Structure formats: C-alpha cells, structure tokens
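The values are calculated or read from the model by the stated rules, or taken from the named source; none is laboratory data. The structure presented is a predicted model; accordingly, all values stated were derived computationally and were not measured. Quick reminder, even Gly has a Cβ in these numbers, built from the backbone with ideal geometry, and neighbours come from all protein chains shown. These area figures cover heavy atoms from the full protein model, side chains too; ligands, DNA and RNA do not enter into them. Shrake-Rupley method; radii C 1.70, N 1.55, O 1.52, S 1.80 Å.
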Amino acid sequence: MLQGALAGLAAGGLYAVLGVCLTLMSRLVRVVNFAQAATGMFGTYVAVWLVSDAGLPIWPAVAVGVVIGGSISALIGIIIGTWLPEADTGSRSAVTVAVLLFLISLSFILFGNRPQPFRPVLSGPAFQVSGVVISQVAIFTVVVAVLVALSAHVVLTKTSVGIRLRALSERPTTAELVGIPARTLSVAVWATTGAVGTLVVAIVAPTQSNDATALSMLVVPAAAAALLGGFRRLDLAVVGGLVLGVLQGAAAQLSQLSVARHFLPFLFIVGLLVWSQRKEVWDAAR
Amino acid sequence: MNGAVNTLELTGVTVARGAGPVIRDVSLTVPAGTVTALVGPNGAGKTSLLEALSGVIPVTSGSVTVGGTPITKLSRVARARLGLVHIEQGRAIFPGLTVVENLRLTAREPADIEGALEMFPELDKRRDSPAELLSGGEQQMVVLARAFVSRPAFLLIDEMSLGLAPVVFMRLLPMVRRFAEQGVGILLVEQFTHLALGLAREALVVSSGRVTYQGQAKELLNAPELLHAAYLGGADAPRQ
Ligand SMILES: Nc1ncnc2c1ncn2[C@@H]1O[C@H](COP(=O)(O)OP(=O)(O)OP(=O)(O)O)[C@@H](O)[C@H]1O
Ligand SMILES: [Mg+2]
C-alpha cells in the first residue's frame, strides 16, 4: 500500500505541475486551458517520433518537443488574444476545448492510433527506504512541481514582469492605459505554460500511459488539483496534485478499489465543489 | 519644449457608442503647461471623449494629434508611450498590488517613486499595503502618484472628485496645478465646475453630446448665466 502510494507520486507530481499551469493561466490570461495536457501530449509525440523515426538522441528530441508545445500554446494565446480579447472566461476557455479535440485528431493522423513506443527519459529507482522504492521519475516530478510553483510565485511578487502580469489580470484595460503590453505578456504566459507542461508530460508519460486520448485527459486530475487552490493558489494546486496521485496509487493496490481509482479525480472535484459551496447552501437553506 | 508642436490637438472629433454618436465635432487644442476644463451635465459624453483619446474606445471621425503625431490608429500602449496618460473615472488602482507596486508599473526612474511618496505622506506610511485596503482618497492619491512618476506629457483627468469628501478633493486639486506648472497639458473633466474653471485657461461646456460653450474659463466663471445656458444646451450660447 505504501509502495503503491509512493508509486502514485510520479502521477501526482504531473497533476501538480499541470494544476499549477492551469492556475497560472486562469489567473493571468483568464482561461481554463482544457488543451493543457493535450499540448504536452502532442509535443511529447513529436519528441518520440524524432527518436524512433529520425534517430535523434532523447534529450534534443525532448527539447524540440518542448519548443513545439510552447509554440502551439502561444498560437492559441494569439488566436484568443486577437479574436476574444474582451470576452469572458467561459468563451475564451471554449476555444481550448476545440484545440483539445483538434490535437487528439491531429496526433492520430500524424502518428497513427497505435500507442507510441515510448522510451523512458528517466528510469530506475532513485533510492530505497526500508524496502520501499522511490523512483527517479517520482523525485523529478515532485521537485519540478514545487520548483515551478515557487518560481512562479517569486516571479509574480518580486519581478517587474510579474507585477505587470498581476496588474494585467486585475484590470486589463487600465493596464494597457498605463503602457503594459497586454498581448505580448499574455502570449508569453501561454508559451511558458505550454513548454513546462510538455516537459513534464514527456518525462512522466512513459510511466503513465502512451495513449493520446488518455494523456490529453490528464487535464481532468490537473483541474481537480487546481480546484483545491480555487484556481488561484499555487501551493494548494501542488498539494492537490500530490494528494490525488498518492490516493490513486494507494487505491490501485487494493483489488476492490483498483477500478475506482479512475473515478478519484471526479470524486475529488465533486467533493471540492460541494465543500466550497457549503456556505451558500447554508445561506440558501435559511 | 517647443510650444507650437507640443500640444494635444483635436479636430472635428466624433465618438459613437452603441446606438450612435455620444459626442460630436469637438475641436480643441491643449497646449503644454495649461489646464483645459471640460464640464457638462451627466451623460453629456465627457468620459466617452476621454476614452476615445486614450484608446479605450475608437474615435469615429476626426483627428487627434499628440505633439504632431496622429494617434487615432495607435494602440493604447503606444499612446501611453507618447506620454498621454488617462486618469479614469472611479479609482483606477490595481487593488491587489501594493502602493509601491502600483507606482513601479509606470515609474521611469526608481527615484521618482520616493519623490511621489514624499508628496503624499499618508501613502508613504502604507507603501506596502495592498491598494484595495486604502481609503478612497488615498486610492485616488495612488492614481495621481502613478501618473506623476510616469512623467506624462498630457493628462486626461476624469472626475477625480467622484465619491470623495470635499476636504480630501481640495488636497488633491493642487496636484493638478503642480502638473501644469511642470509643463503637462491637462484636459480636466470635473463636476465641481467652479474649481475646474478656476484652474483652467480655456473651458468647454458639453451638453447632450454637443459643445455648447468654448472660450475663456475666466469669462464663464464671471458669468453664471452663460454657464447655466450652456449646461442646458442653449443653442444661442456663444461659441468662441
Ligand atoms: N458602454 C457604453 N455603451 C453604450 N453607451 C454608453 C456606454 N457608456 C456610456 N454610454 C452612453 O454614452 C453617453 C455619454 O456617456 P458618458 O459616460 O461619456 O457621459 P459623461 O459626460 O461622462 O457623464 P457623467 O458626468 O455621468 O460621467 C450616455 O448617453 C451614455 O448612456
Ligand atoms: Mg463621466
């Protein structure tokens, strides 16, 4: 059970990083990016193809995949910024659903619908504590999740770019009136989250699943993680992702629960929504 | 500074909004270092005119130049970089940013921030509080200080007094004079007509989207009946 829980850490770290990306996007560019994981999946598939068919070494291939993931994301940002600059979050997010479906189909067309022959980027155990193995991938993703959240926090509070981004998220029109280049900054946020998302998917995916649809749907547990932080708090998004991963890992160990683990993100989301609405329900009931 | 070139110039400016024009055919020159007052009843189109100048909404027809450069096709950011600063109606602070962070957004020089905080000691005391926790008057000071550190060439000020106690507003008003003394050209929209006219060289009265008086501010100040007629949209009110 403990072994299972720790095995879930790799997935948890992945949920956490994607959850942090979703939180940043929701705060800074007013979008719930349903294509977040699909972008990572597509960049990863390109990297896999570069290794298997073009004979590139693994790290340069991942680097190309990351650039592609960042560019796809930036392109969505440009499209939304051009045609829906003042639209509400709902309409802007709807665009990303279309992109999600488009990327899944495109990957079927380009790479076929058989699962990709992933070669793990990181493999093997990192260390062993009293018989329980902790894998390199688990260490890597947890560290990346914490680092991404921390560095995002530092950038947002300490640097002038971060202050501009926060100003932009609070009052977009006023921000432009004081000379903040809204378009450029938003596209930079899209590109960065796209690149970070691709990097973690490329590294963790081989231990999870190698199916395009399954990888794209990683956005669901990521959204559950972001929801714990109310799509605002980065630290809680990290906690949410890790807890969800560990719970799933533990559930997988128990044969009665192993099917239920797929429903965990869903239960997590419903539970959080009910919890966050508890005051409203109380007020309405009076 | 070259007096002839350094002006904000409007020629036949019309601004439409939804149903149709909300202010039409405004021609006006704001020279550097002077205050021009723009007054008129609610809904006259004052805010719409300022918003069209700063690029919040488009200018429907007519031309606007800043220091000779036509700006109606420029983005909001490009207009801001030309030194055109819009102090919006309401309190246009960034609520989650601290006082200092609000100023950092526009400061040309870090030293200017300290200078601005010296002018407003109450802000200096609360420099690291989020702006949303300040009083209304203090928030308006943040907005003025933010404009100050950006070293504007032209200032569009929209009802700075809105929702402020008169005492508080009277503290802010000298800042407008100070901006002008430093060579900033100011277009001042204000409900306290007499205070605005007292600061201004030229004045415009707009009513229902039309300019009903344009001329010396002093003249209007000395002739209340003229002001009254212009407010009511009097067709026979003199136009310069
Ligand atoms: N967003 C909008 N869409 C459509 N019409 C608008 C909008 N905002 C204002 N208007 C209309 O434009 C006209 C001018 O409004 P504006 O706010 O410019 O007047 P104002 O002179 O600033 O008034 P006040 O003194 O009350 O601030 C009004 O008739 C108003 O109903
Ligand atoms: Mg107004």
Theoretical gain in end-to-end length, B:Ser63 to B:Asp25 [0.36 nm per residue, Cα-Cα removed]: 12.7 nm
Loop trypsin sites (Lys or Arg not before Pro), segment B:179-233 (other Cβ atoms within 10 Å of the site Cβ: 12 or fewer; DSSP): none
Simple Cβ-charge dipole of the protein assembly as shown, Lys/Arg +1 and Asp/Glu -1, about Cα centre, in debye nearest 20: 580
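For segment A:33-166, what's the relative contact order in percent, using C-alpha pairs closer than 8 Å and at least 6 residues apart?
On the way: 97 pairs, mean separation 29.9, N = 134.
In percent, rounded to a whole number, it is 22.
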Carbon and sulfur %, accessible surface of the protein assembly as shown computed with the full protein complex present, 1.4 Å: 62
Integer Hz, Karplus 6.51/-1.76/1.60 couplings in order for segment A:153-166, x for Gly and Pro: 4, 5, 4, 5, 9, 10, 9, 6, 4, x, 5, 5, 4, 5
Qualifying trypsin sites (Lys or Arg not before Pro) in segment B:84-120, DSSP loop, other Cβ atoms within 10 Å at most 16: B:Arg108
Relative pair counts by distance (%), Cα atoms of segment B:46-128, 10 Å bins: 16, 38, 29, 16, 2
Relative contact order (percent, whole number), chain A, Cα cutoff 8 Å, 6+ residue spacing: 39
Centroid-to-centroid separation of segment A:1-71 and segment A:72-137 [C-alpha atoms, Å]: 5
Peptides B:32-40, B:132-140, B:50-58 ordered by average Cβ neighbours within 10 Å, highest first: B:32-40, B:50-58, B:132-140
Cα centroid of segment A:189-221 to Cα centroid of segment B:164-206, whole Å: 56
Mean accessible surface per residue for segment B:1-153, computed with a 1.4 Å probe while every protein chain stays in place, in Å²: 39
Residues losing 40 Å² or more accessible surface upon assembly, segment B:63-106, compared with the chain by itself, 1.4 Å: B:Arg76, B:Val77, B:Glu88, B:Phe94, B:Leu97, B:Glu101, B:Arg104, B:Leu105
Shape of chain A, Cα gyration tensor, a/c cut at 1.5: oblate
Solvent-accessible area of B:Tyr231 with every protein chain in place, 1.4 Å probe, in Å² to the nearest 10: 60
Amide H within-cut-off set for B:Leu204, under 5 Å, with H built and near neighbours excluded: B:Ala37, B:Leu38, B:Val39
Estimated FRET transfer efficiency when R0 is 51 angstrom, pair A:Ile58-A:Thr159 (beta carbons, to 0.05): 0.95
Long-range amide H partners of B:Arg17 with built H, under 5 Å: B:Val22
Whole-number Å³ per residue for the convex hull built on Cα positions in the protein assembly as shown: 204
Computed FRET value (nearest 0.05) for A:Ile78 with B:Glu225, which takes r as the C-beta separation and R₀ as 60 Å: 0.55
Whole-Hz ³J(HN,Hα) from phi, Karplus 6.51 cos²θ - 1.76 cosθ + 1.60, for segment B:157-162, glycine and proline x: 10, 10, 6, 4, 7, 3
Selected from B:Ile87, B:Val168, B:Gln182, residue furthest toward positive end of dipole (the protein assembly as shown; charges at beta carbon): B:Ile87
Relative contact order for segment B:8-114, counting Cα pairs under 8 Å that sit 6 or more residues apart, in percent: 23
Cβ-Cβ FRET estimate between B:Arg171 and B:Gln216, R0 fixed at 22 Å, reported to 0.05: 0.20
Structure-based [θ]222 nm, chain B - -39500 (n - 2.57) summed over DSSP H runs of at least 4, per residue, nearest 500: -10000 deg cm²/dmol
For chain B, with +1 on Lys and Arg beta carbons and -1 on Asp and Glu, the positive-most of B:Val143, B:Ala196, B:Val30 along the dipole: B:Val30
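How many percent of DSSP beta bridges within the protein assembly as shown run antiparallel, rounded to 5?
Of those bridges, close to 60 percent are antiparallel.
Please work out whether segment B:1-150 counts as rounded, prolate or oblate from its C-alpha gyration tensor, where a ≥ b ≥ c are the square roots of the eigenvalues and a/c under 1.5 means rounded, while otherwise a/b larger than b/c means prolate and anything else oblate?
Since a/c reaches 1.5 and a/b is larger than b/c, the shape of segment B:1-150 is classed as prolate.
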Chains B and A together, accessible area buried on both sides, 1.4 angstrom probe, square angstrom: 1800
Using θ = phi - 60° and Karplus 6.51 cos²θ - 1.76 cosθ + 1.60, couplings along segment A:263-275 (whole Hz; Gly, Pro as x): 8, 4, x, 5, 4, 4, 5, 4, x, 5, 5, 4, 4
Span per principal axis, largest first, for the Cα atoms of segment B:109-164 (Å): 30, 28, 16
Dipole magnitude (debye, nearest 20) for segment A:2-285, charges at Cβ of Lys, Arg, Asp, Glu: 300
Placed amide H near B:Thr7: partners under 5 Å, 5+ positions off or other chain: B:Gly67, B:Gly68
Heavy-atom surface of segment A:2-285, accessible at 1.4 Å and reported per residue (Å²): 45
